[in-house]
Amino acid sequence: MEGKGSTLVHIVVIALSLTAFGFAIAAERRRSTGTIVTDHINANTTYCVYDSDIATGYGVGSFLFLLSAQSVLMAVTKCMCFGKPLAPGGSRAWSIIYFSGSWLTFLIAESCVIAGAAKNAYHTKYRDAVYAHNWTCESLRKGVFIAGAFFVVFTMILNVYYYMYFTKATSQAARKAATKAGDNVGMAGYA
């Protein structure tokens, strides 16, 4: 069980990440779609009517849940920069690799869901004298929230491995420090 880390931290990070994933999937399924309507007063003027704006809220929810999962993990591990030192070796190397990868995928996931939420919230209102019949109302492209959801899951996986190797490296460092202190039977004076 040594080096595995706290089960509570694993559960919290996974639960928050899966909630962010669910919100991203829900946002993709509920993207706004618009239809062109002719103005009753001026027949040459058209405008777009959008059905729902709930995907924006789902996108922001996904953003916040993933942000909180990352924040919890970074608070527990003290962002790997502060706190206990990591023991040199494979666990420290893997910890650094997973840390870097999790931050990269976290930034990509957050960018996807927040950009999707912002683009989904943008609605064109009026267009004057549109004579072309193939114009459509602006809407969010398919797949933006799906890409965010994919990177949310990838971030979650990397975070779990990062935490596992981080705790393994810190416990190895503590064990090495304890055996090093125990080996020393010196005749040091009291200061």
message: Taking the conditions exactly as written (assigned to a helix (DSSP H, G or I), open to solvent by less than 20 Å² (accessible area, probe 1.4 Å) and in contact with an Asp or Glu (Cβ under 8 Å, 6 or more places away or on another chain)), does Leu66 satisfy them or not?
response: yes
field: Candidate set: segment 74-95, residues that are surrounded by fewer than 17 Cβ atoms within 10 Å (Cβ to Cβ) and charged (D, E, K, R); chosen: the one farthest from Tyr161 (Cα to Cα)
entry: Lys84
task: Hey, can you tell me all the residues within segment 74-89 that are under 14 Å from Thr170 (Cβ atoms) and assigned to a helix (DSSP H, G or I)?
output: Val76, Lys78, Cys79, Met80
- prompt: Hey, does segment 118-134 have a residue that's surrounded by 19 or more Cβ atoms within 10 Å (Cβ to Cβ) and either modelled with pLDDT of 55 or more or within 30 Å of Ala27 (Cβ to Cβ) (or both)?
  reply: yes
Evaluation of Ser71 against (1) open to solvent by 40 Å² or more (accessible area, probe 1.4 Å); (2) among the small types (Gly, Ala, Ser); (3) more than 12 Å from the chain's Cα centre (by Cα) (one fails), failing number: (3)
- request: Could you list all residues from segment 29-58 that are closer than 18 Å to Phe145 by Cβ and surrounded by fewer than 21 Cβ atoms within 10 Å (Cβ to Cβ)?
  value: Arg29, Arg30, Thr33, Gly34, Tyr50, Asp51, Ser52, Asp53, Ile54, Gly57
Total residues in segment 47-61, condition within 14 Å of Cys137 (Cα to Cα) and in a loop (DSSP other than H, G, I, E, B): 2
query: Can you tell me which residues in segment 1-46 are of a type in the set (Lys, Arg) and outside any helix (DSSP H, G or I)?
result: Lys4, Arg30, Arg31
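The values are calculated or read from the model by the stated rules, or taken from the named source; none is laboratory data. This is a predicted model, so every value here is computed, not measured. Glycine also receives a Cβ, built like all others from the backbone with ideal geometry; neighbour counts cover every protein chain displayed. Note: accessible area is taken over every heavy atom of the protein model, side chains too, but ligands, DNA and RNA are not part of it. Shrake-Rupley method; radii C 1.70, N 1.55, O 1.52, S 1.80 Å.
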